[in-house]
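The values are calculated or read from the model by the stated rules, or taken from the named source; none is laboratory data. Because the structure is predicted, anything quoted here is derived from the model rather than measured. Cβ placement follows ideal geometry from the backbone for every residue including glycine, while neighbour counts extend to all protein chains displayed. Each accessible area value is taken on the protein alone, full model and side chains, heavy atoms only, with ligands, DNA and RNA left out. Shrake-Rupley method; radii C 1.70, N 1.55, O 1.52, S 1.80 Å.
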Amino acid sequence: MSETLYERLGGQDAIEAVVDEFYDRVVADDQVAHYFDDVDMQRQRAHQTQFISAVAGGPVEYTGADMEAAHDDLGITKSDFDAIATHLEAALEQFDVDVDDREAVLTAISEYEDAIVTATA
């Protein structure tokens, strides 16, 4: 029986560490940090950990808001989505996640791009 992506990523604790690194990078980026100005980052980090765990095939069910509803009023552009995805990839790389697994995470996240990107440049 082969391991799930969730297991290859190292499970809950490892995904949580990646998410912490990811958000440290995001909030330091002037291009996208403003999206998180009034956000409870502890709650946001927990939701993102849950979301990535779920899309990676973990024993977790994502219970956060619908992607479209959660991002509808934010005006996220394709450029901003790409910048955030770049930070996720860098965070995964920081934790020595191999290239195939990084690509699998990014592919899973990219499936939500149409629901998240709500503005044109």
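A few comments on the model shown:
- When the charge dipole of the chain is built from unit charges on Cβ atoms (+1 for Lys and Arg, -1 for Asp and Glu) and taken about the Cα centre, the candidate among GLY64, TYR35, LEU9 whose Cα reaches farthest toward its positive end is GLY64.
- Theoretical FRET efficiency, 1/(1+(r/R0)^6), r = Cβ-Cβ of GLN31 and THR4, R0 41 Å, to 0.05: 0.80
- Here the Debye sum runs over all C-alpha atoms of segment 28-88 as equal scatterers in vacuum, and log10 of I(q)/I(0) at q = 0.12, 0.24, 0.29 Å⁻¹ comes out as -0.33, -1.27, -1.39.
- Segment 1-40: Rg to Rh, with Rh as the Kirkwood radius over Cα pairs: 1.19
- In this structure, the amide hydrogen of GLY58, modeled 1.01 Å from its nitrogen in the peptide plane, lies closer than 5 angstrom to those of TYR6, counting only residues at least 5 positions away or on a different chain.
- Cα-Cα pairs of segment 15-121 separated by more than 25 Å (percent): 12 percent
- Among TYR35, TYR62, TYR23, the sequence by solvent-accessible area, most first, with a 1.4 Å probe is TYR62, TYR35, TYR23.
- Placing +1 on each Lys and Arg Cβ and -1 on each Asp and Glu Cβ, with no other charges, gives segment 37-121 a dipole about its Cα centre of roughly 180 debye.
- From most to least packed by mean Cβ count within 10 Å, the peptides 49-56, 111-118 give 49-56, 111-118.
- Each of ILE116, LEU92, LEU106 was scored by the projection of its Cα onto the charge dipole of segment 81-121, and the greatest displacement toward the positive side belongs to ILE116; charges sit on the C-beta of Lys, Arg, Asp and Glu.
- Extending 7 Å from the Cα toward the beta-carbon at both THR107 and THR86 defines two label points whose distance is 2.3 nm.
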